[in-house]
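Structure, as structure tokens:
The values are calculated or read from the model by the stated rules, or taken from the named source; none is laboratory data. These numbers were taken from a predicted model, which means no experiment stands behind them. FYI the Cβ positions are ideal-geometry reconstructions off the backbone, even for glycines, and counts take in every protein chain you see. Please note that ligands, DNA and RNA were not included when accessible areas were found on the heavy atoms of the full protein model with its side chains. Shrake-Rupley method; radii C 1.70, N 1.55, O 1.52, S 1.80 Å.
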Amino acid sequence: QQIAHLGSWEWHIPTNRVEWSDETYRIYGYEPGTVEVCYELFISHQHPDSRASTVAAIQQTLEQGGTFDNLQRIADAAGNEKVLSAHGYLESDADGAPSRLYGTVHDITDVVRAREAEELAHTEMKHRENALRETLVDLSHDVRTPLSSLKLGLGLLEVSDGAGRLKTSLIAEV
């Protein structure tokens, strides 16, 4: 689990007892076994931007059964922001009441940060490409304007010289 940054967890719903694997403790920034884990502790680590969707995913699973999958942003015990992919499975007792929710939590922070860096580099490259394109358009205009004037002047010489001798000598002087 430690190599893959993948932890497991189990919530005994009637007693509100939560068990974390050693890697889940580490993902949340604790040494294994150093804190008493409960649902409230888990929720307290949820980032405000993902807390509602995490609670809703769990609540929906408790009400409808089945499984849940969601992305969570958390702050670990030291305040470091992390991105987790969580998967949970519900077990019910003989009466159909939720008794146990268990699953995995995968720390995908490095993957998310790498994607963000890649997207930022791609955006930066597009900006530079557009700036280069604008520079080339300006340069092309700056070069074409004098050449157009020169071409126009030579064209006028062709028109003003009916015999061709003057045109040849003026062009040669230029």
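Report yes if residue 18 is part of a helix (DSSP H, G or I) and either in contact with a His (Cβ under 8 Å, 6 or more places away or on another chain) or under 19 Å from residue 1 (Cβ atoms) (or both), otherwise no. Give the steps one after another, and end with the answer.
Details: part of a helix (DSSP H, G or I): no; either in contact with a His (Cβ under 8 Å, 6 or more places away or on another chain) or under 19 Å from residue 1 (Cβ atoms) (or both): yes.
Criteria not met by residue 18.
Being of a type in the set (S, T, N, Q) and modelled with pLDDT under 95 is the filter; apply it to region 45-58 and report the residue that is nearest to residue 110 (Cα to Cα). If you could, list the steps in order and put the result at the bottom.
Keep residues of region 45-58 that are of a type in the set (S, T, N, Q), which gives 46, 50, 53-54.
Next, from what is left, pick out any that are modelled with pLDDT under 95: 50, 53-54.
Details: 50: 18, 53: 22, 54: 21 Å.
Out of the qualifying residues, it is 50.
Reported count of residues in region 58-67, each being assigned to a helix (DSSP H, G or I) and either among the aliphatic types (A, V, I, L, M) or surrounded by fewer than 16 Cβ atoms within 10 Å (Cβ to Cβ) (or both), is 6. Among the residues of region 93-103, at least one is open to solvent by 90 Å² or more (accessible area, probe 1.4 Å) and modelled with pLDDT of 85 or more.
Listed here are the residues, each with its yes/no results for (1) among the charged types (D, E, K, R); (2) crowded, with 16+ Cβ neighbours inside 10 Å; (3) part of a strand (DSSP E or B).
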site	(1), (2), (3)
53	no, no, no
56	no, no, no
69	yes, no, yes
129	yes, no, no
134	yes, no, no
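Taking region 11-36 on its own, how many of its residues are crowded, with 17+ Cβ neighbours inside 10 Å and over 19 Å from residue 109 (Cβ atoms)? Final tally of qualifying residues: 3. Checking each residue in region 71-91 for being of a type in the set (A, V, I, L, M, F, W, C), modelled with pLDDT of 95 or more and assigned to a strand (DSSP E or B) picks out 74, 75, 83, 84, 86, 90. Being open to solvent by 20 Å² or more (accessible area, probe 1.4 Å) and not basic (Lys, Arg) is a property that residue 77 has.
Within region 37-49, being part of a helix (DSSP H, G or I), without any contact (Cβ under 8 Å) to a residue 24 or more places away in the chain and open to solvent by less than 70 Å² (accessible area, probe 1.4 Å) holds for 41, 43. Here residue 3 does not fit the description of being among the β-branched types (Val, Ile, Thr), loosely packed, with under 14 Cβ neighbours inside 10 Å and part of a helix (DSSP H, G or I). When region 48-74 is filtered for residues that are over 23 Å from residue 98 (Cα atoms) and touching a helix residue (DSSP H, G or I) at 6+ places or on another chain (Cβ under 9 Å), the ones remaining, listed by number, are 73, 74. Please name all residue pairs, on different chains or six or more residues apart, with Cβ atoms under 6 Å, provided the first residue is in region 3-20 and is under 16 Å from residue 88 (Cα atoms) and in contact (Cβ under 8 Å) with a residue 24 or more places away in the chain and the second residue is open to solvent by 60 Å² or more (accessible area, probe 1.4 Å) and not basic (Lys, Arg). If the second residue must be open to solvent by 60 Å² or more (accessible area, probe 1.4 Å) and not basic (Lys, Arg), the pairs left are 6/106; 7/1; 10/19; 10/102.
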